[in-house]
Amino acid sequence: MSYKNTFLILFMLLSVHAVSAQTAKPSGGADYAALMNSGDYQGALKIIMPLIEDANSKRVDDKRVPSDFITLGMGNEGVSKTRQMNRMFRERKAEPFFVENNPELSALHRAAARCMYETAVFDDSLNHYYQSLRYHQPEPDKDDQIFYEMAQVYRKKKQIRPYCDMLEDAYELNGRKYEYSLELGRALFRTNDKKKAIFHLERYVQSRGDELKELDVLIMLAGLNEGINRFLETQKYYQMYLTKKPDDGIIHFALGHIACKNTGDYKLARSELGKAIELLPAGEVFRKAKAYEYIGDMSFNALKFERAAEEYLQTVKYQDLVLKEIEKNDSDIKKIDDEIRLLKTNLLKEKNYVQYNEYQFQMQEKERILSEKREKKYEYEKLEPGKSRWNIAECYEKAEQYEEAVQWYRQAITFSYRPNDAREKIVKLQLKIKRGY
């Protein structure tokens, strides 16, 4: 939805929401509460709305009779006005906002709001929540629940910004409910407000200590910190997660990657990447290949060139597995094409509906295999086979194994990886081989 519309504040008569005069007279609050508890929200509304009208009709003349409903729109301006309304409620300095302390009307509007939320009438639900606040005197450690309920209405409406605003108001009114920080942090996780998300999720994690059950929060914190280049914090949260779930090969790989590429903790990186290779399932070819590549990079940086070459060769082994799968896809497609050609020939000769069904099935199967092949090719390209072969060649060159180096530089050329540089390397190495030094 667009956030360019402004917040509209319209005044409407309460009578719009009242039931007709023929409706049976309400029998009291206990009746609508019982209906709500049983899930009959429509029935509860038939009692609540006349009660609101009746309560307004009994108010004395010298009190201002509110007849306005606040229709809540969307947009950047609207979000700020939402927060302004909430401040009006908390500070109680805005005469037009606060009407009077009337627990009966406040409770009725809130009940109506909940019923409308449950029946998916979200705009009217928000209207009644705001009316409830206008008749409500602030109560410490209780008012946060109203704002939390309003947040859920915005969540259902898929309006993230006002949803987060309401959650933040609930948190500000009752900071002891750490669940608000959990929900707010999760809501902010996919927004640009990463630091605020980190604040709330860290707050929740610290409140739970060793009793933390929501392990996904630790992964979120790791990802959020990585997003703002706080890699030591990223490493810390991955380690916290793995103390509780040590068999997660994907997170071992993620931690190994961070330690290798960002924090420079090679000892930790080797350990974690080794565990990843051991724990990852056989189908996790990409991560296993990359794990060996990162291990090879560390050996190369430590000037252990022969060891690095062996580790890079493991990467190539996994690349070859993907290549074999692509070749199998090509073989399967050729077989299906032959079958389709035969079926099509027969269909052109005679109308055979059984064969037509088979023809359609084979066409669908071909499309499935083509899609699988595209995914495999993309995965193979991400493994950078040309770069791996260049790395192996460089290792052999550094180890003065020139013939092996020439062989792998030639393979790098076949993958169009730095071909001009590779050709120059080959010429120089062949001269060395010829001279013997």
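The values are calculated or read from the model by the stated rules, or taken from the named source; none is laboratory data. Note that the structure is a prediction, hence the values are computed from the model and not measured. Note that each Cβ is placed from the backbone with ideal geometry, even for glycine, and that neighbours are counted across all protein chains shown.
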Inset, instruction - Could you tell me whether residue 224 is over 20 Å from residue 291 (Cα atoms) and either among the charged types (D, E, K, R) or crowded, with 19+ Cβ neighbours inside 10 Å (or both)? - result: yes
Legend entry - Filter result for the condition that a residue is over 22 Å from residue 294 (Cβ atoms) and either touching a Lys or Arg at 6+ places or on another chain (Cβ under 9 Å) or not small (Gly, Ala, Ser) (or both), over 370, 383: 370
Inset, instruction - Could you check residue 413 against (1) in contact with a helix residue (DSSP H, G or I) (Cβ under 6 Å, 6 or more places away or on another chain); (2) assigned to a helix (DSSP H, G or I); (3) touching a residue at least 12 places away in the same chain (Cβ under 8 Å); (4) under 30 Å from residue 333 (Cα atoms) and say which number it fails? - result: (3)
Inset, instruction - Determine whether region 375-383 contains at least one residue that is free of Cβ contacts under 8 Å to residues at least 40 places away in the same chain, in a helix (DSSP H, G or I) and either touching a Gly at 6+ places or on another chain (Cβ under 8 Å) or over 26 Å from residue 309 (Cα atoms) (or both). - result: yes
Inset, instruction - Consider residue 142 carefully, then state whether it is over 24 Å from residue 55 (Cα atoms) and among the basic types (Lys, Arg). - result: no
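Among the helices (runs of 4 or more DSSP H) contained in region 211-315, which hold 1 or more residues that are more than 30 Å from residue 179 (Cα to Cα)?
Correct list: 249-258, 266-279, 285-301.
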Inset, instruction - Mind listing just one residue for me: the one in region 330-360 that is under 30 Å from residue 284 (Cα atoms) and hydrophobic (A, V, I, L, M, F, W, C) and, of those, surrounded by the fewest Cβ atoms within 10 Å (Cβ to Cβ)? - result: 333
Legend entry - Qualifying residue in region 94-105 (condition: in the same structural domain as residue 35 (by TED's automatic domain parsing), at pLDDT below 90 and surrounded by 21 or more Cβ atoms within 10 Å (Cβ to Cβ)): yes
Inset, instruction - Determine the pairs where a residue that is surrounded by 21 or more Cβ atoms within 10 Å (Cβ to Cβ), located within region 255-279, has a partner that is part of a loop (DSSP other than H, G, I, E, B) and among the acidic types (Asp, Glu) with Cβ atoms under 8 Å apart, the partner being 6 or more residues away or on another chain. - result: 259/265
Inset, instruction - State all residues of region 266-316 that are more than 20 Å from residue 245 (Cα to Cα) and among the β-branched types (Val, Ile, Thr); if no residue qualifies, say none. - result: 285, 295, 315, 316
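Residue-by-condition table, conditions (1) crowded, with 18+ Cβ neighbours inside 10 Å; (2) touching a residue at least 60 places away in the same chain (Cβ under 8 Å); (3) within 17 Å of the chain's Cα centre (by Cα):
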{"residue": "110", "(1), (2), (3)": "yes, no, no"}
{"residue": "125", "(1), (2), (3)": "yes, no, no"}
{"residue": "154", "(1), (2), (3)": "yes, no, no"}
{"residue": "160", "(1), (2), (3)": "no, no, yes"}
{"residue": "165", "(1), (2), (3)": "yes, yes, no"}
{"residue": "173", "(1), (2), (3)": "yes, yes, no"}
{"residue": "180", "(1), (2), (3)": "yes, no, no"}
{"residue": "189", "(1), (2), (3)": "yes, no, yes"}
{"residue": "195", "(1), (2), (3)": "no, no, yes"}
Inset, instruction - Might you check whether a residue that is within 20 Å of residue 47 (Cβ to Cβ) and either in a loop (DSSP other than H, G, I, E, B) or out of contact with any Leu (no Cβ under 8 Å at 6 or more places or on another chain) (or both) occurs anywhere in region 139-147? - result: no
Legend entry - residue 242 vs. criteria surrounded by 17 or more Cβ atoms within 10 Å (Cβ to Cβ), over 13 Å from residue 383 (Cβ atoms), outside the structural domain of residue 206 (by TED's automatic domain parsing) and in contact (Cβ under 8 Å) with a residue 12 or more places away in the chain: no
Legend entry - Every pair of residues 6+ apart whose Cβ atoms lie under 8 Å, when the first sits in region 353-367 and is of a type in the set (D, E, K, R) while the second is in a helix (DSSP H, G or I) and surrounded by 11 or more Cβ atoms within 10 Å (Cβ to Cβ): 358/343; 365/336; 366/333; 366/336; 366/337; 366/340
